[in-house]
Amino acid sequence: MKKFFGIIVLVLLSGMVAEARPLKVRVKKPGSLAALVGEKKKYTTREMVLEGALNGDDLRFLREMAGSDINQQSTPGQLRTIDLRKVTFAQGGGAYVDKEGLHRVTGGAHTLPQFLFRNCPVVHIDLPVRLDTIATGALEHTKLRRIVLPDSVFVMSYAFAGSTELEEVVFPQHVRGLSHEILERTAVRRVVLHDVDDIYSWVFAYMPALETVEVNGYVKEMSGGQTFVSCPRLKSVDFRGVVLQTGYRGGPRMLVDCPVLERVTFHDVVYQICVGEAEQCPAFRGFEMKGAVLNSVGSSSIRLLDATVGGRTNLAYRVALERILPVLRQQIHEEGLTFPFPYYESYGEACRQALEGHRERALEWLEVAATAGWYEYSDMRDNKDLEGLHGDARFQALLEQVRKNGDFRLILEKSAPYAANAQEWPAFTYQEPTDSNLVRVREYFNLDSIAGSGDDISRMKNIMYWLHDAIPHNGSSSWPDCDFNAIDLYELCRREGRGLNCRFLAMVLNELYLAAGIPSRFLACMPKNHRVDTECHVINMAWSRSLNKWVWMDPSFAAFVSDENGLLLHPGEVRERLRRNLPLVLNENANWNHETKQTVDYYVKEYMAKNLYWFQAHLRSEYQSEGKRGANSRMIKLLPKGMEWGDGTTSDDAYFWQAPL
C-alpha cells in the first residue's frame with residue numbers, strides 16, 4: 001500500500017515538474033510559431049524560451065499567449081515569463097496589434113517592435129541580446145517588475161510607460177539614446193545610467209516614484225529641453241562624467257514641476273550648457289558646477305572658464321578641452337558631429353599641441369577641426385606651427401579633407417555648370433525713385449550732394465564710400481531694433497554708436513541706390529557647405545547704364561572688382577573668372593573700417609571665393625525689402641545644376657543676371 005502511494009506521489013510530482021519547465025520553441029521559418037506551439041498549449045503555457053526570427057503572425061500569436069489580442073482585448077493566455085535572448089524579427093506576416101486605428105507590423109531585425117507587449121500582463125522578459133532599439137510603447141502597460149537592457153540600445157518614447165509595477169530598469173554601460181516619457185507612471189525610484197549618447201526632452205517625465213538620477217559616464221547630447229518634468233519625489237540629479245552639451249535643439253528649460261528637487265550637479269567638464277530657469281521647483285537651490293564649464297547659452301548665472309588669461313591661452317581651459325577630447329572623437333567616429341562645435345577652437349588647440357611637440361594630440365584635434373567644418377585650407381597648409389606634422393600621412397589625409405571644403409577656387413572649378421531652366425520665373429523688378437518712401441530717403445540723406453554730378457559709376461562709388469564711412473561694419477552686431485529701412489537703420493546707428501552686419505549695410509545701400517535712380521539688388525553670396533559654414537557675405541550689385549551691365553559694390557569693405565583691363569564686374573562674372581583662373585583686380589582703397597587693407601588674394605580669392613558658390617536675391621527690390629519676420633517678396637536662388645536648396649531655385653544664370661526692364 002505504501003509502495004503504491006509512493007508511486008502515485010512520484011507520478012504527480014513528475015507531472016508538476018514537467019508542467020513547471022518552460023516551453024522551448026525554435027522557429028526555423030517565420031510565421032510557424034502557432035503550428036509549433038499548437039492550440040493545446042497556447043493558453044496554458046506560463047513560461048517559454050523562444051529562438052529564431054519572428055514575423056507579424058508569430059507576434060500576434062505570442063501576444064495572445066501573453067493575454068492580449070490584436071485589439072488589446074484580454075485572452076485566456078497564461079504566458080508570463082518569456083526568454084527572447086535568441087530572437088530576431090522578420091518582415092512579413094500580418095499585423096500583430098492595433099493602436100489608435102493603425103495596424104502595426106514589424107520593423108528592423110533587431111528592433112523590439114512598437115507596442116509589442118502593450119497590455120500584456122507579462123512579469124518577466126529577457127530581451128534579445130542583439131537588440132539595438134526598443135520601439136515606441138513596446139513594453140507599455142505590462143506587469144514587469146524588473147528589466148535588464150542590452151548594451152548600446154536606443155529606447156524610444158513610452159517604451160515602459162504605464163507599467164506601474166516596474167521598479168527597476170538596469171541600464172547597460174552604453175545607451176545610444178533615451179526618448180520621451182520612457183518611464184511614465186512606473187514605480188522606478190532610482191535611475192542609474194552610464195555612457196549616454198543622447199537624452200531627449202521629457203525623458204524623465206510623470207514619474208511619481210523617482211527620487212534620484214545618476215549618470216556615471218559621459219553624455220554627448222541632451223538635445224531636448226524639459227528633461228525632468230512632473231517628478232514629485234525627485235530630490236537630486238548627478239552628472240558625474242563629461243557632458244558635451246545640453247539643451248541644444250529643445251531650448252534651455254531643463255526642470256519643470258519637480259517640487260522637492262534640491263540640486264542638479266555637474267561633476268565633470270561641460271563643454272556647452274543651456275539649462276534655463278527651473279520652473280515650479282520651489283526647493284531647487286541651483287545648478288552646481290564642480291567641473292569647468294566652457295560655454296553657456298542663455299545661462300548667465302553659470303561661471304565660465306576663461307579661454308585666455310592675460311592675453312594667453314588658459315592652461316586650465318586646455319586641460320578641460322583634453323577631458324572632452326575622447327568623447328568628442330568618439331562622437332565623430334560613430335555619428336559625426338550632430339551639434340555645432342567651433343572648428344576654430346579645435347584648430348587652435350591643434351596648433352598649440354603641435355608647437356609643443358605633441359604629435360598625436362595635435363592630429364586628434366585637427367581631426368575634430370576638419371570634421372567640425374574647418375575650411376581654411378591655405379592656413380593649414382602653410383601654418384608654421386604645424387610644420388612638424390607635414391611628414392605624417394594622417395596630416396596629409398586631413399589636409400586633403402580640409403581642401404575639399406577650403407580650396408575655394410578648386411571647389412568653384414568643380415562645381416556643376418549652370419543650365420537654362422524650362423520653368424518660367426517672373427522678372428526681377430526695381431522700385432522707381434518716384435516712390436514716396438524713396439523720395440523721402442533721397443531728401444533725408446541729400447543724396448544728390450553725396451552722389452555728385454559725374455557718370456553713373458562715380459555716383460555709385462561716391463554713395464558706397466559715404467555709407468562705408470557713415471556706418472561701420474560689425475559682423476557680430478545684434479540685429480537692430482528698428483524697421484529695416486535706410487533712414488531708421490542710419491538713425492539707430494547714430495543714436496547708439498553702433499555698426500551693422502553686411503546684410504543690413506547692403507539693405508541701406510540698396511535703398512540709397514534705388515532712391516538715386518540706380519537699379520540695385522542686395523545679394524546674399526553663399527558657401528557650398530552652408531549647413532556647416534554659416535558665414536556668408538551680402539553685397540550689392542548695381543546696374544550701370546553706361547556699361548550696360550551689373551557691377552559689384554560692397555559697402556562692408558568699400559570694394560569693387562574688375563578685370564585686367566579695368567572693366568567692372570558683377571558677382572557672377574567674378575565667380576566665372578575664379579573658376580577659369582583668370583586675372584581679377586580689387587580697388588586699391590578697399591578696406592575694413594579704415595583699419596585693415598583688403599587684397600585680391602584674401603578678399604576675392606579666399607573670402608569671397610568661398611561665398612560665391614550660390615546666390616540669393618529678392619524678386620522685388622524695393623524700400624524695406626525685409627521686415628523682422630523675413631522677406632516681403634519671394635527669394636530667388638541661383639544654384640549650380642543639380643544642387644537642391646528649398647523653393648525658389650533656378651540654375652539659369654541668364655535669368656538671374658537679367659538686365660532691368
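The values are calculated or read from the model by the stated rules, or taken from the named source; none is laboratory data. Quick caveat: nothing in here was measured; it's all calculated off a predicted structure. All Cβ positions, even for glycine, are placed from backbone atoms using ideal geometry, and neighbour counts span all protein chains on display. Heads up: the accessible areas ignore ligands, DNA and RNA and are worked out on the full protein's heavy atoms, side chains in. Shrake-Rupley method; radii C 1.70, N 1.55, O 1.52, S 1.80 Å.
See the values below:
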{"item": "Top-ranked residue of segment 357-408 - restricted to ones that are among the aromatic types (Phe, Trp, Tyr) and modelled with pLDDT under 90, ranked as surrounded by the fewest Cβ atoms within 10 Å (Cβ to Cβ)", "result": "TYR377"}
{"item": "Members of segment 472-498 that are touching a strand residue (DSSP E or B) at 6+ places or on another chain (Cβ under 7 Å) and in contact (Cβ under 8 Å) with a residue 60 or more places away in the chain", "result": "HIS473, PHE484"}
{"item": "Residue satisfying all of: in segment 585-599; more than 38 Å from the chain's Cα centre (by Cα) and within 23 Å of ILE471 (Cα to Cα); surrounded by the fewest Cβ atoms within 10 Å (Cβ to Cβ) among these", "result": "GLU588"}
{"item": "Segment 483-519, subset open to solvent by 20 Å² or more (accessible area, probe 1.4 Å) and under 18 Å from TYR623 (Cβ atoms), residue farthest from the chain's Cα centre (by Cα)", "result": "GLY517"}
{"item": "Evaluation of LYS384 against (1) closer than 22 Å to VAL600 by Cα; (2) free of Cβ contacts under 8 Å to residues at least 60 places away in the same chain (one fails), failing number", "result": "(1)"}
{"item": "Members of segment 605-623 that are part of a loop (DSSP other than H, G, I, E, B), over 18 Å from PRO660 (Cα atoms) and among the hydroxyl-bearing types (Ser, Thr, Tyr)", "result": "TYR613"}
{"item": "In segment 88-117, the residues that are open to solvent by 30 Å² or more (accessible area, probe 1.4 Å), hydrophobic (A, V, I, L, M, F, W, C) and over 29 Å from the mean Cα position of the chain (by Cα)", "result": "LEU102, VAL105"}
{"item": "Matching option when the condition is over 24 Å from the mean Cα position of the chain (by Cα) and not in a loop (DSSP other than H, G, I, E, B), among VAL260, VAL264, VAL327", "result": "VAL264"}
{"item": "Given (1) on the phi < 0 side of the Ramachandran plot; (2) assigned to a loop (DSSP other than H, G, I, E, B), number of the condition GLU221 does not satisfy", "result": "(2)"}
{"item": "Residue match in segment 543-557 (condition: over 27 Å from LEU582 (Cβ atoms) and open to solvent by less than 10 Å² (accessible area, probe 1.4 Å))", "result": "no"}
{"item": "Of residues in segment 558-584 being in contact with a helix residue (DSSP H, G or I) (Cβ under 9 Å, 6 or more places away or on another chain) and of a type in the set (Asp, Glu), the one least open to solvent (accessible area, probe 1.4 Å)", "result": "ASP563"}
{"item": "Residue match in segment 377-394 (condition: within 20 Å of LEU325 (Cβ to Cβ), among the basic types (Lys, Arg) and in a helix (DSSP H, G or I))", "result": "yes"}
{"item": "Unique match (being aliphatic (A, V, I, L, M) and surrounded by 21 or more Cβ atoms within 10 Å (Cβ to Cβ)) among ALA292, ALA307, ALA283", "result": "ALA292"}
{"item": "Leading residue by the ranking (least open to solvent (accessible area, probe 1.4 Å)) among those in segment 183-211 that are part of a loop (DSSP other than H, G, I, E, B) and under 25 Å from VAL327 (Cα atoms)", "result": "VAL203"}
{"item": "Failed item in (1) under 22 Å from GLU165 (Cα atoms); (2) surrounded by 22 or more Cβ atoms within 10 Å (Cβ to Cβ), with GLY56 passing the rest", "result": "(1)"}
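Conditions tested, residue by residue: (1) open to solvent by 20 Å² or more (accessible area, probe 1.4 Å); (2) in a helix (DSSP H, G or I); (3) among the small types (Gly, Ala, Ser).
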position: GLU413; (1), (2), (3): yes, yes, no
position: GLU424; (1), (2), (3): yes, no, no
position: ALA427; (1), (2), (3): yes, no, yes
position: ARG440; (1), (2), (3): yes, yes, no
position: GLU443; (1), (2), (3): yes, yes, no
position: LYS461; (1), (2), (3): yes, yes, no
position: TRP466; (1), (2), (3): yes, yes, no
position: ASP469; (1), (2), (3): yes, yes, no
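Residues checked against (1) under 30 Å from the mean Cα position of the chain (by Cα); (2) polar (S, T, N, Q); (3) under 21 Å from VAL508 (Cα atoms):
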site: GLY572; (1), (2), (3): no, no, no
site: ARG580; (1), (2), (3): no, no, no
site: ASP601; (1), (2), (3): no, no, no
site: LYS610; (1), (2), (3): yes, no, no
site: TYR613; (1), (2), (3): yes, no, no
site: ALA617; (1), (2), (3): yes, no, yes
site: GLU644; (1), (2), (3): yes, no, no
site: ASP652; (1), (2), (3): no, no, no
site: GLN658; (1), (2), (3): no, yes, no
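Residue-wise test of (1) out of contact with any Phe, Trp or Tyr (no Cβ under 7 Å at 6 or more places or on another chain); (2) modelled with pLDDT of 95 or more; (3) part of a loop (DSSP other than H, G, I, E, B).
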position: SER556; (1), (2), (3): yes, yes, yes
position: GLU573; (1), (2), (3): yes, yes, no
position: PRO583; (1), (2), (3): yes, yes, yes
position: ASN589; (1), (2), (3): yes, yes, yes
position: TYR603; (1), (2), (3): no, yes, no
position: ILE636; (1), (2), (3): no, no, no
position: GLY642; (1), (2), (3): yes, no, yes
